[in-house]
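Colleague: Here you go, one structure.
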Amino acid sequence: MSRLQVVSGKGGTGKTTVAAALALALATKGKRTLLVEVEGRQGIAQLFETEALPYEERKIAVAPGGGEVYALAIDAEQALLDYLQMFYKLGSAGRALKKLGAIDFATTIAPGVRDVLLTGKACEAVRRKEKSGRFAYDYVVMDAPPTGRITRFLNVNDEVAGLAKVGPIHNQAQAVMRVLKSRETAVHLVTLLEEMPVQETADGIAELRAARLPVGRVVVNMVRPAVLDATDLELVRETPRAALARSLSGAGLGGARRGGHAERLVDPLLAQAEEYAERYALEQEQRSVLTDLGLPLHELPLLAEGMDLAGLYELATELRKQGIA
Ligand SMILES: Nc1ncnc2c1ncn2[C@@H]1O[C@H](COP(=O)(O)OP(=O)(O)O)[C@@H](O)[C@H]1O
Ligand SMILES: [Mg+2]
């Protein structure tokens, strides 16, 4: 199992939710996971119903079985200070720079450098060890930028190549790339069973592969429960109306009076079945496109009551059942 799990997907498909559920799912049997956010939206804090995350790793959840989930909202500016500290031992000098506003360039510097600072921080957490020699985190899960930007975001080497051919930024980019392109990393894509996100998933996978970045799994999120299957739908189509009315009546629907009332239920029911059949066909079509991608495929249910902490644990349990963690 890769120690750095990157979660991307079309915006709004549930990247943050799936990343959080995955972090919980991986934190079994006393394992420790770090969930990182790189886009400064405080989505993780919201999901775990805690206050905004500072630039500091802090425990936000305990998983069933005693594992722990830590979270960190990575901020490019802070990551730059860390980086300066690490390479140039610029502790207080870094703080002074920040006070002077010089560090503002972190937000205006070339996007590639910004990205290498963000991915660099995640990779540092992956490699970090405690004094005992044990990894500080068994897994790092990244709530990453959306599919349209993920390859560029991760492909920092290319991004900074034009800027820095030698020197610490170049070395940092190379070190980051070594982790990102290795089996230590897996990039998962979240999608819905709809044409647009599925197409984006297919395109995203092609791009990641072309950049030799390791593609992990596809997670289909917000899957609605299957009410009827293909056989049921066939049966609905073939059953004569009169027989349907009789069955309804026989089941005590439509009131005690003979005939009449049950008959009135037939049309709306058939209309609903037809609507469902259309949706079912569209979803099956997208499922088969996804299956053809040849990656492990997982499905998470649409939680009808909306998302809350209990729902998040439910999704984590589901991921574990499906062997993703
Ligand atoms: N399985 C699910 N069931 C119900 N609601 C979900 C599910 N997954 C995500 N959501 C909701 O969908 C919205 C988008 O999810 P989010 O994780 O923020 O997406 P993204 O990070 O991709 O923009 C949120 O309101 C979230 O609570
Ligand atoms: Mg998000």
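Colleague: Starting from the stretch 301-313, keep only residues that are in the same structural domain as THR28 (by TED's automatic domain parsing) and within 15 Å of ASN221 (Cα to Cα), then list their pairs with residues that are open to solvent by less than 50 Å² (accessible area, probe 1.4 Å) and part of a loop (DSSP other than H, G, I, E, B) whose Cβ atoms are within a distance under 7 Å, requiring at least 6 positions of separation or different chains.
Modeller: GLY311/LEU303
Colleague: I've got another one for you. Scan the stretch 15-37 for residues that are open to solvent by 10 Å² or more (accessible area, probe 1.4 Å) and within 10 Å of ligand 2 (Cβ to nearest atom) and jot them down.
Modeller: Listed by number, the residues that qualify are LYS15, THR16, THR17.
Colleague: Are any residues in the stretch 112-139 farther than 14 Å from VAL6 by Cα, of a type in the set (Lys, Arg) and part of a helix (DSSP H, G or I), and if so, which ones?
Modeller: Once the filter is applied, which keeps residues that are farther than 14 Å from VAL6 by Cα, of a type in the set (Lys, Arg) and part of a helix (DSSP H, G or I), the stretch 112-139 yields ARG114, ARG127.
Colleague: With the condition kept exactly as written, say whether any residue in the stretch 224-243 is within 29 Å of GLU283 (Cβ to Cβ), open to solvent by less than 30 Å² (accessible area, probe 1.4 Å) and not β-branched (Val, Ile, Thr). Give the derivation first.
Modeller: Going through the stretch 224-243, the residues within 29 Å of GLU283 (Cβ to Cβ) turn out to be 224-241, 243.
So of that shortlist, the ones also open to solvent by less than 30 Å² (accessible area, probe 1.4 Å) come out as 233, 243.
Subsequent filtering for residues that are not β-branched (Val, Ile, Thr) retains 233, 243.
Looking for residues that are within 29 Å of GLU283 (Cβ to Cβ), open to solvent by less than 30 Å² (accessible area, probe 1.4 Å) and not β-branched (Val, Ile, Thr), one finds at least one in the stretch 224-243, hence yes.
Colleague: Can we say ALA45 is in a helix (DSSP H, G or I), modelled with pLDDT of 90 or more and surrounded by fewer than 21 Cβ atoms within 10 Å (Cβ to Cβ)?
Modeller: yes
Colleague: Only residues in the stretch 59-75 that are over 14 Å from GLN42 (Cα atoms) count as the first member; pair them with residues that are in a loop (DSSP other than H, G, I, E, B) and of a type in the set (A, V, I, L, M), Cβ under 7 angstrom, at least 6 apart or cross-chain, and list the lot.
Modeller: Once the first residue is over 14 Å from GLN42 (Cα atoms) and sits in the stretch 59-75, its partners that are in a loop (DSSP other than H, G, I, E, B) and of a type in the set (A, V, I, L, M) give ALA63/ALA27; GLY67/ALA27; GLU68/ALA27; VAL69/ALA27; VAL69/ALA63.
Colleague: Then there's this: Which ones in the stretch 161-181 are assigned to a loop (DSSP other than H, G, I, E, B) and either of a type outside the set (Lys, Arg) or within 18 Å of the chain's Cα centre (by Cα) (or both)?
Modeller: The answer is GLY162, LEU163, ALA164, VAL166, GLY167.
Colleague: Can you tell me which of ALA52, ALA73, ALA23 is under 16 Å from LEU315 (Cβ atoms) and either more than 12 Å from ligand 1 (Cβ to nearest atom) or of a type in the set (Asp, Glu) (or both)?
Modeller: After ruling out the rest, the residue left standing is ALA23.
Colleague: What are the residue pairs meeting all of these: first residue in the stretch 9-21, first residue part of a loop (DSSP other than H, G, I, E, B), second residue within 6 Å of ligand 1 (Cβ to nearest atom), Cβ atoms under 7 Å, and 6 or more apart or on different chains?
Modeller: Listed pairs, sorted by first residue: THR13/ASN221; GLY14/ASN221; GLY14/MET222.
Rundown of residues vs (1) part of a helix (DSSP H, G or I); (2) farther than 20 Å from LEU295 by Cβ, yes/no style:
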site	(1), (2)
VAL141	no, no
ARG152	yes, yes
GLU159	yes, yes
VAL187	no, no
GLU207	yes, no
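Colleague: Pick from the stretch 144-170 the residues that are in contact with a helix residue (DSSP H, G or I) (Cβ under 9 Å, 6 or more places away or on another chain) and farther than 22 Å from VAL215 by Cβ: which of them is most open to solvent (accessible area, probe 1.4 Å)? Show your work before the answer.
Modeller: If we filter the stretch 144-170 for residues that are in contact with a helix residue (DSSP H, G or I) (Cβ under 9 Å, 6 or more places away or on another chain), which is where we start, we get 144-148, 150-164, 168-170.
Within this subset, residues satisfying the condition of being farther than 22 Å from VAL215 by Cβ are 160-164, 168-170.
Numbers: VAL160: 1, ALA161: 44, GLY162: 67, LEU163: 106, ALA164: 16, PRO168: 45, ILE169: 36, HIS170: 43 Å².
Out of the qualifying residues, it is LEU163.
Colleague: Something else: Assuming ALA273 fulfils every condition listed in (1) free of Cβ contacts under 8 Å to residues at least 12 places away in the same chain; (2) over 26 Å from the mean Cα position of the chain (by Cα) apart from one, which condition is it?
Modeller: (1)
Colleague: Going by the conditions given, is GLU285 open to solvent by 60 Å² or more (accessible area, probe 1.4 Å) and modelled with pLDDT of 95 or more? It would help to see each step written out before you state the result.
Modeller: On the way: open to solvent by 60 Å² or more (accessible area, probe 1.4 Å): yes; modelled with pLDDT of 95 or more: yes.
For GLU285, the condition - open to solvent by 60 Å² or more (accessible area, probe 1.4 Å) and modelled with pLDDT of 95 or more - is met.
The values are calculated or read from the model by the stated rules, or taken from the named source; none is laboratory data. Fair warning: this is a prediction, and the values are worked out from it, not measured in the lab. Note that we place each Cβ from the backbone using ideal geometry, even for glycine, and neighbour counts take in every protein chain shown. Each accessible area value is taken on the protein alone, full model and side chains, heavy atoms only, with ligands, DNA and RNA left out. Shrake-Rupley method; radii C 1.70, N 1.55, O 1.52, S 1.80 Å.
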